[in-house]
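The values are calculated or read from the model by the stated rules, or taken from the named source; none is laboratory data. Quick caveat: nothing in here was measured; it's all calculated off a predicted structure. Glycine gets a Cβ as well: all are built from the backbone with ideal geometry, and neighbour counts include every protein chain shown. For the accessible areas, the whole protein counts, side chains as well, though only heavy atoms, and no ligand, DNA or RNA atoms are used. Shrake-Rupley method; radii C 1.70, N 1.55, O 1.52, S 1.80 Å.
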Amino acid sequence: MHEFSLGESIIETITSQARQQGFHHIRRVWLEIGALANVELEALRFAFEAVRENTVAAQAELEIITLPGRAWCLDCAQSVEINQLFDPCPRCGGYQWRLTGGNELRIKEMEVD
Amino acid sequence: MCANCGCGETEAVIHSHDPDHDQGHRHEHPADHHHDGLPHSHTHDEKRRVSLEQDILAKNAGFAASNRHLFLELGVFVLNLVSSPGSGKTSLLIRTAQLLRDEFPVAVISGDQQTANDAERIKAAGVPALQINTGKGCHLDAHGIGHALERLPLPKGGVLFIENVGNLVCPADFDLGEAAKVVILSVTEGEDKPLKYPNMFAAAKLMLLNKTDLLPHVDFDVAQCLDNARRVNHQLDILQLSARSGEGLEAWLDWVRQGRHAALAAQIDQLETELAAARAHLIHGGGTIRRSVI
């Protein structure tokens, strides 16, 4: 359940940004989470809602944008789509690929007033 | 307050929030506000969009970078050992530390939710060790390790083993500043563990298949297990050993020795860079002092 740590990090980041820039409320937060990232989205939403209480983000809604898994296949020398970390390259069936996207855990932006 | 990082803690403790105080509800988005989660511009004048583009784990990454810098300065090779509970991490660590401690300094940080049993076992074997209890926390983080280093003298020019909480999920995401994650799998577990917990095997540099002395007694397909691990991470180094019988230990010790050698080489490079910079200051920065002035 490391999603609680992730939730705490998100709240710390956005509330300190809001404070520094003089905003009183955070209304909405957009995350970019890779499809292959080591995170359970339901647990992350639960954690976010628990941790946001009594902060300027108490009313903030969470929007999660899922980014696709992409890999560079060394044998094909091409970018391919990967849906699981143990997937073969969809072109050649090999496993000699390097992940280039889909592992993101990023706070993209927030809506404040 | 901690002077290093400004936290309110004096000890390495990972906070855990009690979810019971949460209302447990999920907000449903109003129909007129549903944009498939994609960024969109608002017409409300009072609301503003602030771009952040920041990694969720940025704070941990900052602490990990500080730890890594300290390890580099002191020439310490640091390994983060991860596994499910019961894979034999502590027994392997004790055996490893006993075999290496006459060659160079060795120390251990052990992470568990409760008890100091592991650190006590390691200390009883004559190896400096410190226990971190994470309470309800499911992983060690770089901030906790930074505080642990205030209480455990680093083995300069040697090896620090960090025994993470037994958990094949959560520790995968948290960089502690280590040179490498070592994932330990024992033959009493399933050979499909690399597929079930792919993030951990993808994050590791070395996999140790432990308890090979038990292979005659269990249904464990070694070839299938190694194949599964390489499907997830084709660059993964894999060694097979038994901490109990000692079989295969020498290859693992050599792997550690090579890593320690690389850490010392990196320390020397760093020192030479600093030395060259200091010399450059002396030459170009008015370092020549006339005798008459003195």
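Considering B:LEU168, B:LEU185, B:LEU176, B:LEU206, which residue is modelled with pLDDT under 95 and open to solvent by less than 40 Å² (accessible area, probe 1.4 Å)?
On the way: B:LEU185 fails: modelled with pLDDT under 95; B:LEU176 fails: modelled with pLDDT under 95; B:LEU206 fails: modelled with pLDDT under 95.
It is B:LEU168.
Being more than 24 Å from A:MET1 (Cβ to Cβ) and in a helix (DSSP H, G or I) is the filter here, so list the residues in the range B:120-145 that pass it. Before the answer, list the steps.
Looking only at the range B:120-145, we keep the residues that are more than 24 Å from A:MET1 (Cβ to Cβ), and these are B:120-130.
Correct list: B:GLU120, B:ARG121, B:ILE122, B:LYS123, B:ALA124.
Could you tell me how many of the residues in the range B:252-286 are of a type outside the set (D, E, K, R), assigned to a helix (DSSP H, G or I) and farther than 21 Å from B:ARG101 by Cα? Break it down into steps so the answer makes sense when it comes.
As a first pass, look at the range B:252-286 and keep what is of a type outside the set (D, E, K, R): B:252-253, B:255-256, B:258-259, B:261-268, B:270-271, B:273, B:275-278, B:280-286.
From what is left, the residues that are assigned to a helix (DSSP H, G or I) are B:252-253, B:255-256, B:258-259, B:261-268, B:270-271, B:273, B:275-278, B:280-284.
Among the residues that remain, those that are also farther than 21 Å from B:ARG101 by Cα are: B:266, B:268, B:270-271, B:273, B:275-278, B:280-284.
Residues flagged as of a type outside the set (D, E, K, R), assigned to a helix (DSSP H, G or I) and farther than 21 Å from B:ARG101 by Cα within the range B:252-286 amount to 14.
Of all residues in the range B:63-94 being part of a loop (DSSP other than H, G, I, E, B), within 17 Å of the chain's Cα centre (by Cα) and of a type in the set (Gly, Ala, Ser), which is surrounded by the fewest Cβ atoms within 10 Å (Cβ to Cβ)?
B:SER84
Out of all the residues in the range A:76-94, which are small (Gly, Ala, Ser) and either within 17 Å of the chain's Cα centre (by Cα) or not in a loop (DSSP other than H, G, I, E, B) (or both)?
Step one: of the range A:76-94, the residues small (Gly, Ala, Ser) are A:77, A:79, A:93-94.
Residue satisfying the conditions is A:SER79 alone.
Based on this model, can you work out whether A:LEU44 counts as touching a helix residue (DSSP H, G or I) at 6+ places or on another chain (Cβ under 7 Å) and in contact (Cβ under 8 Å) with a residue 40 or more places away in the chain?
Working: touching a helix residue (DSSP H, G or I) at 6+ places or on another chain (Cβ under 7 Å): yes; in contact (Cβ under 8 Å) with a residue 40 or more places away in the chain: yes.
In short, yes.
Taking A:ALA47 and the conditions (1) at the interface with chain B (Cβ under 10 Å from one of its Cβ atoms); (2) open to solvent by 20 Å² or more (accessible area, probe 1.4 Å), which numbered condition does it fall short on, given that it satisfies the others?
(2)
Among the listed residues A:ALA71, A:ALA60, which satisfies the condition of being on the phi < 0 side of the Ramachandran plot and out of contact with any Phe, Trp or Tyr (no Cβ under 7 Å at 6 or more places or on another chain)? Let's see the steps before the verdict.
Details: A:ALA71 fails: out of contact with any Phe, Trp or Tyr (no Cβ under 7 Å at 6 or more places or on another chain).
The match here is A:ALA60.
Any idea which residue in the range A:56-81 is surrounded by the most Cβ atoms within 10 Å (Cβ to Cβ), counting only those that are more than 22 Å from A:GLY34 (Cα to Cα) and touching a Cys at 6+ places or on another chain (Cβ under 8 Å)?
Going through the qualifying residues, I end up with A:CYS76.
Give me a count of the residues in the range B:188-202 that are surrounded by fewer than 23 Cβ atoms within 10 Å (Cβ to Cβ), of a type in the set (A, V, I, L, M, F, W, C) and under 25 Å from B:PHE161 (Cα atoms).
1
From the residues in the range A:4-24 that are within 12 Å of B:LEU52 (Cα to Cα) and among the small types (Gly, Ala, Ser), which one is farthest from the other protein chains (Cβ to nearest Cβ)?
Going through the qualifying residues, I end up with A:SER16.
I'm told A:THR13 meets every condition in (1) out of contact with any Cys (no Cβ under 7 Å at 6 or more places or on another chain); (2) open to solvent by 30 Å² or more (accessible area, probe 1.4 Å) except one. Can you identify the failing condition by its number?
(2)
Which condition does A:MET1 not pass, out of (1) more than 9 Å from chain B (Cβ to nearest Cβ); (2) open to solvent by 40 Å² or more (accessible area, probe 1.4 Å); (3) not hydroxyl-bearing (Ser, Thr, Tyr), if it passes all the others?
Condition not satisfied by A:MET1: (1).
Output yes when any residue across the range B:111-118 is within 14 Å of chain A (Cβ to nearest Cβ) and either open to solvent by less than 60 Å² (accessible area, probe 1.4 Å) or within 14 Å of the chain's Cα centre (by Cα) (or both), and no when none is. Spell out how you get there, then give the answer.
First, pick out the residues of the range B:111-118 that are within 14 Å of chain A (Cβ to nearest Cβ): B:111, B:113.
Checking which are either open to solvent by less than 60 Å² (accessible area, probe 1.4 Å) or within 14 Å of the chain's Cα centre (by Cα) (or both) leaves us with B:111.
Scanning the range B:111-118, I find at least one residue that is within 14 Å of chain A (Cβ to nearest Cβ) and either open to solvent by less than 60 Å² (accessible area, probe 1.4 Å) or within 14 Å of the chain's Cα centre (by Cα) (or both), so the answer is yes.
What do you reckon, is A:CYS89 touching a Cys at 6+ places or on another chain (Cβ under 7 Å), within 28 Å of B:TYR197 (Cβ to Cβ), surrounded by 20 or more Cβ atoms within 10 Å (Cβ to Cβ) and not basic (Lys, Arg)? Give the steps one after another, and end with the answer.
On the way: touching a Cys at 6+ places or on another chain (Cβ under 7 Å): yes; within 28 Å of B:TYR197 (Cβ to Cβ): yes; surrounded by 20 or more Cβ atoms within 10 Å (Cβ to Cβ): yes; not basic (Lys, Arg): yes.
Yes; evaluated as a whole, the condition is true for this residue.
Taking the range A:95-113 as the search range and keeping residues that are open to solvent by 20 Å² or more (accessible area, probe 1.4 Å), assigned to a loop (DSSP other than H, G, I, E, B) and out of contact with any helix residue (DSSP H, G or I) (no Cβ under 6 Å at 6 or more places or on another chain), which one is farthest from A:LEU41 (Cα to Cα)?
Top of the filtered list is A:GLN96.
Restricting to the range A:81-113, name every residue that is more than 8 Å from chain B (Cβ to nearest Cβ), touching a Phe, Trp or Tyr at 6+ places or on another chain (Cβ under 7 Å) and free of Cβ contacts under 8 Å to residues at least 24 places away in the same chain.
Residue satisfying the conditions is A:CYS89 alone.
Search the range A:22-37 for residues being in contact (Cβ under 8 Å) with a residue 24 or more places away in the chain and in a loop (DSSP other than H, G, I, E, B), and hand back the single one that is surrounded by the most Cβ atoms within 10 Å (Cβ to Cβ).
Kept after step one, since they are in contact (Cβ under 8 Å) with a residue 24 or more places away in the chain, are these residues of the range A:22-37: A:23-37.
From what is left, the residues that are in a loop (DSSP other than H, G, I, E, B) are A:23-25, A:35-37.
Values: A:PHE23: 20, A:HIS24: 9, A:HIS25: 15, A:ALA35: 17, A:LEU36: 24, A:ALA37: 22.
Taking the candidates together, the pick is A:LEU36.
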